Every structure is written in C-alpha cells, then in structure tokens.
Amino acid sequence: MQIRTVCEAYRATPALAAQGTHVLGTDEMTGIQALERVHPCLPMLAGHVERQEFEYERHGTNAA
C-alpha cells in the first residue's frame, strides 16, 4: 500500500508543481545511495580480507 501512495505522489508531482505546491520525499534507508568507489578494491591475499578504499563518488545525490 505504501508503494502505491509513493508512486501516486510521484505521478501527481508535475500537476502539483504547476499549482505552486511542493512535494518533498524522504528516504529512511540512508545506506542505499548511488555510490561508486574511486579506487578498485584490493584483492584478498593469504591471511587478509578484501579491502575497500574509503573514497567514493556520488552519482546524482547531494552531499548533506
């Protein structure tokens, strides 16, 4: 039911914007973002786990 409500709000957004109404959406799953690591992962070696660099690039999201 919540998915239907969200989809209806997205569908109605252009008409609401034409009337001067703003639509604001929030996402409670902040861990899911369009991120890409700048550097490739360092592979696993004997006795070591795979390592990821901390730098990433956002794709279409704002840094808040």
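Nothing in this text is a laboratory measurement; each read-out follows from the coordinates by a stated rule. Everything numeric here is computed off the predicted structure, so don't read it as measured data. When we count neighbours, we look across all protein chains shown, and the Cβ atoms used for this are built from the backbone with ideal geometry, even at glycine.
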Expressed in nanometres to one decimal, the distance between label points 7 Å along Cα→Cβ at residue 36 and residue 48 is 2.6
Once amide hydrogens are built 1.01 Å from N within the peptide plane, the residues lying 5 or more places from residue 56 or on another chain with amide H under 5 Å from its amide H are 38
HN-Hα couplings for the stretch 42-47 via Karplus (6.51, -1.76, 1.60; θ = phi - 60°), in whole Hz with x for Gly/Pro, come out as 8, x, 5, 10, 4, x
